[in-house]
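A.B. asks: Got a structure here, written out as structure tokens. Questions coming.
The values are calculated or read from the model by the stated rules, or taken from the named source; none is laboratory data. Quick caveat: nothing in here was measured; it's all calculated off a predicted structure. Glycine gets a Cβ as well: all are built from the backbone with ideal geometry, and neighbour counts include every protein chain shown.
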Amino acid sequence: MTPQELENLAHLRRARDLIDREYAKPLDVPIMARRALMSPAHFSRRFRAAYGETPYSSLMTRRIERAMASLRAGVSVTDACMEVGCTSLGSFSSRFAEIVGDTPTAYRSHEHDAVKAMPACVAKTQTRPVRNASSRIGEATRGAAA
Amino acid sequence: MTIALQYCHITVNDVDESIAFYGDALGLQVRNDVASDGFRWVTLGSDAQPGLEIVLSVPHAGRSQADGDALQELLTKGVLPMTVFRSDDVDATFETVRASGAEVLQEPIDQSWGPRDCAFRDPSGNTVRIAQAPAA
């Protein structure tokens, strides 16, 4: 990789760290792109190439992951939605269902023994939902199963 | 028979800027500096934990160009596994490391699962978390 490519990748990382850190604030793509020192359109393309999902999608994945933790802890669906920076309960719920495969209400009522058994800092990364599983190992497994 | 952890390898893009981070900012001491084939392996340790050292090396050291490139990309993207240190005064350590200009990931907070901790990126993109050591 050229020094320039490495530098750009580091800028993208800083934008991703911003998403992970400030997910509860009203972030939008122009704010994220500014952190990466890129134009919004260029930033979105480069971010997706590096991390496998668009910046906005990455933000929503982070929010849903944090909402999952709150729901597991017994927080109400409305409070979990507001806590993570989503302002519309309807779009939060449909995004949640799309990513998790279950409605927030149903997810909240499930048992979460395996997650409770992990240290919370491990659970934080292990329970992060994966939208388009990009692992080559996973692809090989799915390929073999098909 | 006893078993103990001796070396923990951390891949970095630039050994010297990483010595500034792990040594000058974080407070570890350089124990060893070995060069081979144009690459360097530098170890740092702490008197608080004699016998345990971190080993700094660059992605392409001892690897093919393709493997080195792949590792360097993951490193710079910030997705390699993190390292966790502990300090007897996490707030003071945080201020020292922040003053060095390191990228802050998280200010010191009391985590819901117990410890008080903070987190930084090292100059290459590794996550370095620092936890408060339990009172003796």
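A.B. asks: Kindly list, by first and then second residue, each pair from a residue in the stretch A:3-28 that is under 22 Å from B:Gly68 (Cα atoms) and at the interface with chain B (Cβ under 7 Å from one of its Cβ atoms) to a residue that is at pLDDT below 95 and surrounded by fewer than 19 Cβ atoms within 10 Å (Cβ to Cβ), limited to pairs with Cβ atoms under 7 Å and residues at least 6 apart or on different chains.
C.D. replies: none
A.B. asks: Take the stretch B:107-126 and flag every residue that is part of a strand (DSSP E or B) and either within 14 Å of B:Arg86 (Cα to Cα) or over 17 Å from the mean Cα position of the chain (by Cα) (or both).
C.D. replies: B:Glu107, B:Pro108, B:Ile109, B:Asp110, B:Arg116, B:Asp117, B:Cys118, B:Ala119, B:Phe120
A.B. asks: Go through the stretch B:7-48 and count every residue that is more than 15 Å from the chain's Cα centre (by Cα) and closer than 25 Å to B:Val90 by Cα.
C.D. replies: Final tally of qualifying residues: 2.
A.B. asks: Oh, and also: Going through the stretch B:43-73 one residue at a time, which ones are among the polar types (S, T, N, Q) and within 13 Å of chain A (Cβ to nearest Cβ)?
C.D. replies: Scanning the stretch B:43-73 gives B:Gln65, B:Gln72.
A.B. asks: Filter the stretch B:96-122 down to residues that are away from chain A (no Cβ under 14 Å) and farther than 19 Å from A:Arg21 by Cβ and give me whichever is surrounded by the fewest Cβ atoms within 10 Å (Cβ to Cβ).
C.D. replies: Ranking the qualifying residues of the stretch B:96-122, first place goes to B:Ala99.
A.B. asks: Keeping to the stretch B:40-67, report how many residues are part of a strand (DSSP E or B), under 20 Å from B:Ala25 (Cβ atoms) and hydrophobic (A, V, I, L, M, F, W, C).
C.D. replies: The qualifying residues number 5.
A.B. asks: Among the residues that make up the stretch B:74-86, is at least one of them over 21 Å from B:Pro59 (Cα atoms), within 14 Å of chain A (Cβ to nearest Cβ) and outside any strand (DSSP E or B)?
C.D. replies: No, the stretch B:74-86 has no match at all.
A.B. asks: Do the conditions hold for A:Arg62, that is, is it surrounded by 13 or more Cβ atoms within 10 Å (Cβ to Cβ), within 24 Å of B:Leu75 (Cα to Cα), of a type in the set (Lys, Arg) and within 14 Å of chain B (Cβ to nearest Cβ)?
C.D. replies: Criteria met by A:Arg62.
A.B. asks: Still on this structure, I have one more. Based on what the data block shows, is A:Arg72 touching a residue at least 40 places away in the same chain (Cβ under 8 Å) and closer than 24 Å to B:Gln111 by Cα?
C.D. replies: Values: touching a residue at least 40 places away in the same chain (Cβ under 8 Å): yes; closer than 24 Å to B:Gln111 by Cα: yes.
The answer is yes for A:Arg72.
Condition check ((1) more than 23 Å from A:Arg128 (Cα to Cα); (2) part of a loop (DSSP other than H, G, I, E, B); (3) of a type in the set (Asp, Glu); (4) within 17 Å of the chain's Cα centre (by Cα)) across all residues:
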{"position": "A:Pro30", "(1), (2), (3), (4)": "yes, no, no, no"}
{"position": "A:Leu37", "(1), (2), (3), (4)": "yes, yes, no, no"}
{"position": "A:Ala41", "(1), (2), (3), (4)": "yes, no, no, no"}
{"position": "A:Ala49", "(1), (2), (3), (4)": "no, no, no, yes"}
{"position": "A:Glu53", "(1), (2), (3), (4)": "no, yes, yes, yes"}
{"position": "A:Tyr56", "(1), (2), (3), (4)": "no, no, no, yes"}
